[in-house]
Every structure is written in structure tokens, then in C-alpha cells.
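Have a look at the structure below, then the notes.
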């Protein structure tokens, strides 16, 4: 039995942020019924990130909508909306990520939903909150990253803004919504009360930067400066970064520069004895390290550094990672199957409970696949 067995989630969301939240709830045991427009469905069904498809639809859709059921309903149609509201009467959680105002026009805002289910936990994701000049901007991952300041933390000094290579804001916002919903679910178990849980993408990505933003506030608002080369953290001193070696790359975390100099046989590093110099002269130190580390292989350097308890790592691509024993022992992959028999491999939920993996072989629903079954079950 999984911890959320018996919890019913009605998911009105689409794209990435909301569906990533309902996926986490599904993996924890909740039953997730995904409401989709007839014919078109979730826009993510046709939102491709590459020319690869899964069973004729977007890989993105299948990655985040497995382990769910699909109920086709046009929320602008009063009959369909009434059916959805009757389903919500039986639900524990509702999730949506419409832009501010849209959910009100649809008649599925919190106040309306609360009238049919007073103890509902109502999860709402927006791009920038419901007030202010940005409230109507599209809550799209790259756009939110660009406004948030996070693009000035990656890459090197002269690279310009560098966005993260993942939809990090969508995924993080979904995780924050799950945190809020689970907290509200615990409280509901105590006092029986419902709640409205609101999360915005902008607030989530600002929170992601809490460490560096706090530093910015405390150092008088000094400009964020990335190192000229090998940058991995705009605020940390040398040697923090990734360096090219004779046959690959080596990641170095925090460490004492003179100690590194001794271990690596690099005399030029021995003069940087004061901790302050590892910050004030970090570009100079990184340049010395770069020219030295490229002379030997990654494995050679790690054979020296790891026994000395220096924090370092090989820099792997997916092919190398998936072949490594450290990855294989985690059992992070699972195969799921759609009802038409199509199978595909994906990742599992990263959580273990009492030593047990949270896995499910339930694949992605075909659009509207469960409409009639759900309608009969809930007498809609």
C-alpha cells in the first residue's frame, strides 16, 4: 500500500508544471484523473522537444502523464462542466495552472469549487501570481528563467545569460505545489478543513536562488560576477568548477588551493595560501588549474585526489552514466505499458518508503480513454 492510496486527484492542468505535480501524487499512490479537451487533449500531447515520439505523441507528454486516467470534457460546455463538478465533489485534491482569470470564467475557481466540496484541497499554479504588471504574462519556463536572474549564474563571465538546459522552473514549481498539498492534507487529517494552495513559477525560481540572493543582500548588492572560465557557481571561490583533462573533464568542488597544489604537483598553486585569495584571485587560480589538469587523464587525477578526500568527480554524459555501477544499483528505470500494449522505458519516482521503491507499470492514457468508465463509476 502506498501512502496516498485512496486519495482522488482531479487534474485540470496541462503543459509541465501542473502535470509534474500530479505525477508525483500518482507515484505516491493517489488516483489521478486528468481532465482533457475532447479531440485536442492536453496541448503537451503535441508539444515536441525533439523529433522523437512515443506511440505517435510527444515524449514530454508521456514522461509526465503516465500513471493517470484521462477524462475528456469541454469545460466551456455546461453539461461537461457539470460532470466535472460532480467528479470534484468526490475528490480530495484539484489542480490547475490556468492564467489568472481563466479559471473564474470557466466557473471552476476555488470559491465555486468549495461550494460543492467544502474540504477540497485546491492547488493553483500561476506564472507570476495574480497581481501586478506581470500577472498576464505567459508562464513559460524559459521566459520565467529570463526574468528571474537565474540565467546570470551559469556559464562563464563573457557568455551572456545562460538558461538551464531543463524546464527547471516547471518541475520545481510542481514539486512546491506537492509540498503544499501534502502539508494541507496533513492538516486536513487533524481539523478536517480544506485549503487553497497557491504557487507561482516566479516565486519558485526565486526561492531556488535563496542562497545567492541572501548573499547579494548581505554584500551590499554587489553585481553577480561569474568567473572568466570554468564557472560552476557565481559566488564560490576557486577551485569550484569543471575542468578539461587529457581525455575528458573533472569536476572540483570546494578545496584548499595549496593542498591541491601539493597533490597535483602544481607548484604555481602553492602561493595562494590565504583563503581570501581563492575568491579575489579565482580567475587566476582557475587558469593555472586549467593548464595543469589537461596534461593528464581524469582517472589519473582522481586516483590522486579521491584517496586524499578531495571532493571531485568524473563528468559523465548519459551513455556513460547509464553504464556505471553507481547508477545501475539505484534502479531508476521502469517500463510502463499503455492499454493498447505499447511499452516504453522511463524513470521511476525517486522516493523510497520503508526501503520500498515507488513504481507503477501503468502507462500514459489515451485521450478520453477512461471517460465512460469514470462516468459510470461516479454516476456522472
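The values are calculated or read from the model by the stated rules, or taken from the named source; none is laboratory data. Bear in mind that the values here come from a model prediction, so they are computed numbers and not experimental data. Please note: Cβ atoms are built from the backbone with ideal geometry, for glycine as well, and neighbour counts cover all protein chains shown.
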If you check residue 79 against the conditions, is it touching a strand residue (DSSP E or B) at 6+ places or on another chain (Cβ under 9 Å) and at pLDDT 95 or above?
-> no
Can residue 131 be described as under 26 Å from residue 185 (Cβ atoms) and surrounded by fewer than 16 Cβ atoms within 10 Å (Cβ to Cβ)?
-> no
Where residues in the range 196-212 are part of a helix (DSSP H, G or I) and in contact (Cβ under 8 Å) with a residue 40 or more places away in the chain, which of them is farthest from the chain's Cα centre (by Cα)?
-> 212
So residue 338, is it in contact (Cβ under 8 Å) with a residue 12 or more places away in the chain and crowded, with 16+ Cβ neighbours inside 10 Å | yes
Can we say residue 118 is modelled with pLDDT of 95 or more, surrounded by 15 or more Cβ atoms within 10 Å (Cβ to Cβ) and outside the structural domain of residue 287 (by TED's automatic domain parsing)?
-> no
Among 39, 32, 84, 60, the single one that is in a loop (DSSP other than H, G, I, E, B) and assigned by TED's automatic domain parsing to the domain that holds residue 99 is 39
Hey, among the residues in the range 140-162 that are in contact with a helix residue (DSSP H, G or I) (Cβ under 8 Å, 6 or more places away or on another chain) and within 20 Å of residue 64 (Cβ to Cβ), which one's surrounded by the most Cβ atoms within 10 Å (Cβ to Cβ)?
-> 144
Given the structure, is residue 193 assigned to a loop (DSSP other than H, G, I, E, B) and either assigned by TED's automatic domain parsing to the domain that holds residue 305 or at pLDDT 95 or above (or both)?
-> yes
With the condition kept exactly as written, say whether any residue in the range 1-8 is within 25 Å of the chain's Cα centre (by Cα), farther than 22 Å from residue 193 by Cα and not in a helix (DSSP H, G or I).
-> yes
Which members of the range 131-161 meet the condition of being part of a loop (DSSP other than H, G, I, E, B) and without any contact (Cβ under 8 Å) to a residue 60 or more places away in the chain?
-> 131, 132, 133, 135, 136, 137, 138, 140, 160, 161
If you check every pair at least six apart or on different chains, which have Cβ atoms under 6 Å apart with a residue in the range 15-31 that is under 10 Å from residue 175 (Cα atoms) first and a residue that is assigned to a loop (DSSP other than H, G, I, E, B) second?
-> 17/97; 18/97
Within the range 214-233, can one find any residue that is surrounded by 15 or more Cβ atoms within 10 Å (Cβ to Cβ) and assigned to a helix (DSSP H, G or I)?
-> yes
